[in-house]
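**Student:** Below: one structure in structure tokens.
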Amino acid sequence: MAGEPLLSVRNLHTYFAQDEGTVKAVDGVNLEMNVRATLGIVGESGCGKSVTARSILRIVDRPGRIVDGEIWFRRPTADGGAGDRAVDLAKLAPNSEEMRSIRGAEIALIFQEPMSSFSPVHSIGNQIIEAILLHQDVDRRGAHDKAIDMLRRVGVSSPEQRVDQLSHQLSGGLRQRAMIAMALSCSPTLLIADEPTTALDVTTQTQILELMRQLQQEDGMAIMLITHDLGVIAEMATDVAVMYLGRVVEQAPVDAIFHAPKHPYTRALLRSIPRMRSRSRERLTPIAGSVPHPYDRPVGCPFHPRCPDFMPGTCDRQTPNPRTVGELHTVSCFLYE
Amino acid sequence: MSAATTATAPLLRVSGLQKLFPVRKGFLKRTVGHVRAVDGVGFHIDEGETLGLVGESGCGKTTTARCILRAIDPTGGEIFMRLADGSVVDLGTLRESELRPLRREMQMIFQDPFTSLNPRMTLLDLVGEPLLVHGMKSRREREERVADLLRRVGLRPEYMRRFPHAFSGGERQRIGIARALALQPRLVVADEPVSALDVSVQAQILNLLFDLQEEFRLTYLFVAHDLSVVRYISNRVAVMYVGRIVELGETEELFTSPKHPYTAALLSAVPEPDPRVRGKRIVLQGEVANPASPPSGCYFHPRCPHAIEVCRTQTPVFQEISPGHLVGCHRARELTLAGVE
């Protein structure tokens, strides 16, 4: 069914029970992603954007656990198109056969730190080959050729030699390219990119973003792009979800987020960042306070202690629910209730 | 224009600064070559001014900063600093014992507020330590001074008996700033002071650095890779590439009409937080040159979209092409490069 989203996360809760208390890393996240779309997830440290991604892939580290919610993912048909059979990933066992056939093949992940995401003792080629052999019906020779093909596609020069190198022999940009080659080797329908360019220099970032855009055009996968950088979001995303302390506070098409933001946090965030186009030595408008400690979550709307539009008696008592305020535009804020 | 027209000498003048790290190989650890981390860097900073030093990782910006503070010893070059009494000394040639009394005039703010503060020291000890080292023996006096410093950086003095772990990243960076300001320095070297902070907190710290500069007439050398942050804080900007400054000028001029193709590429690479201005990026090919075996001629030529034959063979001269605007590019006068609007 063409109109159905590729991925639909409903009311997801992922908690980490620890001696000091429970960290509600993801506390009621709702997200929708369409086929071929690029959903940018933006938020500061501790907002739960990475845990959301890890929950979708069912690779949340212990003691983290999905305690509530649904993650509906539409599995592709044999010809690669998005099929109409949806599975609730939250209900699958993390090590079940079905989850393993999805993870890495239909949903792939690229991490922020390419240095620590490759094994230091196996050649990058062997690691890509392993991924191909696991999910595809090819022999080792075929997988080897495919790995070289993928490295060439992501712009690694002389891939025949690079395929036998260890990850520390590559530069940061090349490692991230190899990471992308590995992630895309099984033609996923959803690529989750968790801060893919944060560890890279800005000119290398341009190369990698350009590469991701080009590969998306060729392969037609959807990309969930997780970052704290609003510039990268504006550059890449078709839709944006803004997260704060475990919740999506606003989701909208990219133009609405940047030009008609509704949530006070989104607005404040956009005002606070230094811009290339602003004149030098012009004062910034910061957001008061800082992100609360995860054990110390505010009651009610998580943003209320820092919010310029705080309404006493409402925001500090109840938690706002997502409201539709425009086309594909939802906000969780009492200003709109 | 900056304060360059005042009659006094600049607070800091660096010329021909060089730092080579030996590359050793084999059983006998023989030196087989050198990493030219900083290779002939020169600039000046006037009192009360902020010079932004930008470049990508490995370009030598941090090494330059550390050489100036003599956290490491430069291989060559001169670092002239004008002291409070008006005399000018070459920091590069002083011995450690001669340097110690001068250290209070120059302080550093570090990137990572999580690792740069000793977790076993209270705020009072952290901020008061430099006071003690430089002779403020009375504990009461120190407490008063620390309380005052904490207030200046926006922290409550009641917290002075707490340990750093009780504070957020932004608050820790404030502690680091209070510590750096304890001795009333004149030169503050800030090495990526906001890049480890959350976006919403960056603005607080940048505004604070700004206010403190006005209040205490501080001079900043601001090392960063984030160009939008550098634009916000700096009067003038120096762009480094593989150990050399390739362009230096007034912030507005450098951002709006860059003269070096590398500066133009860097500026265009920063994604603007506005989906309506997407695209038109200069995508540089290849990677930053290895400072242990840099290319011939202009170090940027293998990646430069405007390179011609002379760029491959001759090192460009770093020269002034308009007042206060210096560029190291053979084609600086003929190229028209786009900056930010």
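We did not get these values from a lab; they are worked out from the coordinates using the rules stated. Everything quoted here is computed from the prediction, not taken from an experiment. So basically every Cβ, Gly included, is an ideal-geometry build from the backbone, and we count neighbours across all protein chains shown.
**Student:** From the cross-link list A:Lys49/B:Lys61; A:Lys262/B:Lys280; A:Lys24/A:Lys91, which pairs have alpha carbons spaced over 25 Å apart?
**Tutor:** Pairs exceeding 25 Å: A:Lys49/B:Lys61; A:Lys262/B:Lys280.
**Student:** Which of the trypsin sites (Lys or Arg not before Pro) found in region B:44-123 are loop residues per DSSP with 15 or fewer other Cβ atoms within 10 Å of their Cβ?
**Tutor:** B:Arg95, B:Arg120
**Student:** Starting from the amide H of A:His329, placed 1.01 Å from N in the peptide plane, find each other amide H under 5 Å away whose residue is 5 or more places distant or on another chain.
**Tutor:** Those lying under 5 Å, H to H, from A:His329: there are none.
**Student:** Please give the helix A:202-219 orientation as an angle from the longest Cα principal axis of chain A, in degrees from 0 to 90, rounded to the nearest 10.
**Tutor:** 70 degrees
**Student:** Classify region B:1-141: rounded, prolate or oblate, from the alpha-carbon gyration tensor (a ≥ b ≥ c, eigenvalue square roots; a/c under 1.5 rounded; otherwise prolate if a/b is larger than b/c)?
**Tutor:** Oblate shape, in that a/c is at least 1.5 and b/c is the bigger or equal ratio.
**Student:** A further question on this structure: For region A:159-197 and region B:31-87, what is the separation of their Cα centres, given in Å?
**Tutor:** 36 Å
**Student:** Further question on the same structure: Please check: in the Gaussian network model of chain A (C-alpha springs, under 10 Å), which one of A:Ala234, A:Ala108, A:Ala90 has the largest mean-square fluctuation.
**Tutor:** A:Ala234
**Student:** Using Cα atoms only, what is the angle between the long axis of helix A:172-184 and the major principal axis of chain A, expressed in degrees (0 to 90) to the nearest 10?
**Tutor:** 80 degrees
**Student:** Separate question: Can you give the local net charge around A:Ser185? Use residues other than it whose beta-carbon is closer than 13 angstrom to its beta-carbon, Lys and Arg +1, Asp and Glu -1.
**Tutor:** Taking every Cβ under 13 Å from that of A:Ser185, the sum is -1.
**Student:** Let me ask something else about it. Could you tell me the relative contact order of chain A? Use alpha-carbon pairs under 8 Å, at least six residues apart, and round to a whole percent.
**Tutor:** 20 percent
**Student:** Return the single residue from B:Glu247, B:Glu215, B:Glu171 with maximal mean-square fluctuation; model: Gaussian network over chain B, springs between Cα atoms under 10 Å.
**Tutor:** It is B:Glu215.
**Student:** I've got another one for you. Out of all DSSP beta bridges in chain A, what portion is antiparallel? Express it as a percent rounded to 5.
**Tutor:** Once the DSSP bridges in chain A are tallied, antiparallel ones form about 65 percent.
**Student:** Can you show me the helix-derived [θ] at 222 nm for chain B, built from DSSP H runs with n ≥ 4 at -39,500 (n - 2.57) apiece and divided by the number of residues, rounded to the nearest 500.
**Tutor:** For chain B, the value works out to -8000 deg cm²/dmol.
**Student:** Right, here's the next one. If you take the charge dipole of region B:20-65 about its Cα centre, with +1 on Lys and Arg Cβ and -1 on Asp and Glu Cβ, which of B:Leu53, B:Pro22, B:Ala37 is farthest toward its positive end?
**Tutor:** B:Pro22
**Student:** Under 10 Å, Cα contacts only: if you run a Gaussian network model on chain B, which one of B:Gly86, B:Gly42, B:Gly169 comes out with the highest mean-square fluctuation?
**Tutor:** Judging by the Gaussian network model, the answer is B:Gly86.
**Student:** Starting at the first residue of region A:262-272, write each ³J(HN,Hα) from the Karplus equation 6.51 cos²θ - 1.76 cosθ + 1.60 with θ = phi - 60°, in whole Hz, x for Gly and Pro.
**Tutor:** Per-residue couplings from phi come out as 10, 6, x, 5, 4, 4, 5, 4, 5, 6, 7 Hz.
**Student:** Below 8 Å, C-alpha to C-alpha, sequence gap of six or more: please give me the relative contact order for region B:234-275 in percent.
**Tutor:** Relative contact order for region B:234-275 comes out at 28 percent.
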